[in-house]
């Protein structure tokens, strides 16, 4: 895993509008070097956090949000229901996500989750904590997963976008020197 630099945390804070919590890695960067997706530890403030991959890129978040607002979640759920191959690949993506999320947990966190009765939220629920693995819930979750690993729904969404990062003349994440806020 690539170490998280303070400069990355500053950029992520600017991208998401608040200090990031639980970031353990940056599995995907845009061609300008800015984080597009972060890996988040499965426990935040001693509570389960089922979203392993978080889409931080503001350009991509807006583009995905436009598709979501236009009804893509429903369309993709219908497609999953009708396409056995897509459904199988989607279920495989959920299984890989759960395995990766579980692999990050420390023994003490596993013990605490079992003691509190929350283990199922991280060891059985799928992408972003989804219990029905034929549901999409949020396109951002699946796009983040597709950029970090493999996710057929996220890949469909990415393929539908004209671009997956800013144009070179309008890089949203670049902050003029000396104007960065300290975490």
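Please work out which one of (1) assigned to a helix (DSSP H, G or I); (2) in contact (Cβ under 8 Å) with a residue 40 or more places away in the chain is the condition residue 36 fails and give its number.
Result: residue 36 passes all but (1).
Answer yes or no as to whether residue 156 is under 16 Å from the mean Cα position of the chain (by Cα) and not in a helix (DSSP H, G or I).
When the stated conditions are applied, residue 156 does not pass them.
Which condition number in (1) within 30 Å of residue 170 (Cα to Cα); (2) at pLDDT below 95 is the one that residue 113 fails?
Residue 113 satisfies all of (1) within 30 Å of residue 170 (Cα to Cα); (2) at pLDDT below 95 except (1).
Which one is nearest to the chain's Cα centre (by Cα) among residues in the range 30-62 that are closer than 28 Å to residue 112 by Cα and surrounded by fewer than 17 Cβ atoms within 10 Å (Cβ to Cβ)?
Ranking the qualifying residues of the range 30-62, first place goes to 44.
Collect the residues in the range 40-80 that are out of contact with any helix residue (DSSP H, G or I) (no Cβ under 7 Å at 6 or more places or on another chain) and within 20 Å of residue 95 (Cα to Cα), keeping them in residue-number order.
Once the filter is applied, which keeps residues that are out of contact with any helix residue (DSSP H, G or I) (no Cβ under 7 Å at 6 or more places or on another chain) and within 20 Å of residue 95 (Cα to Cα), the range 40-80 yields 40, 49, 77.
Looking only at the range 122-131, decide whether some residue is farther than 21 Å from residue 104 by Cα and either touching a residue at least 40 places away in the same chain (Cβ under 8 Å) or within 13 Å of the chain's Cα centre (by Cα) (or both).
Taking every residue of the range 122-131 in turn, none turns out to be farther than 21 Å from residue 104 by Cα and either touching a residue at least 40 places away in the same chain (Cβ under 8 Å) or within 13 Å of the chain's Cα centre (by Cα) (or both).
Residue 77 is checked against (1) surrounded by 18 or more Cβ atoms within 10 Å (Cβ to Cβ); (2) in a helix (DSSP H, G or I) and fails just one. What number does that condition carry?
Here residue 77 meets the rest and fails (1).
Say whether the condition of being in contact (Cβ under 8 Å) with a residue 40 or more places away in the chain, more than 15 Å from the chain's Cα centre (by Cα) and under 18 Å from residue 27 (Cβ atoms) is met by at least one residue in the range 105-117.
Scanning the range 105-117, I find at least one residue that is in contact (Cβ under 8 Å) with a residue 40 or more places away in the chain, more than 15 Å from the chain's Cα centre (by Cα) and under 18 Å from residue 27 (Cβ atoms), so the answer is yes.
Consider residue 24 carefully, then state whether it is part of a strand (DSSP E or B) and surrounded by fewer than 18 Cβ atoms within 10 Å (Cβ to Cβ).
When the stated conditions are applied, residue 24 passes them.
The values are calculated or read from the model by the stated rules, or taken from the named source; none is laboratory data. The structure presented is a predicted model; accordingly, all values stated were derived computationally and were not measured. Note that each Cβ is placed from the backbone with ideal geometry, even for glycine, and that neighbours are counted across all protein chains shown.
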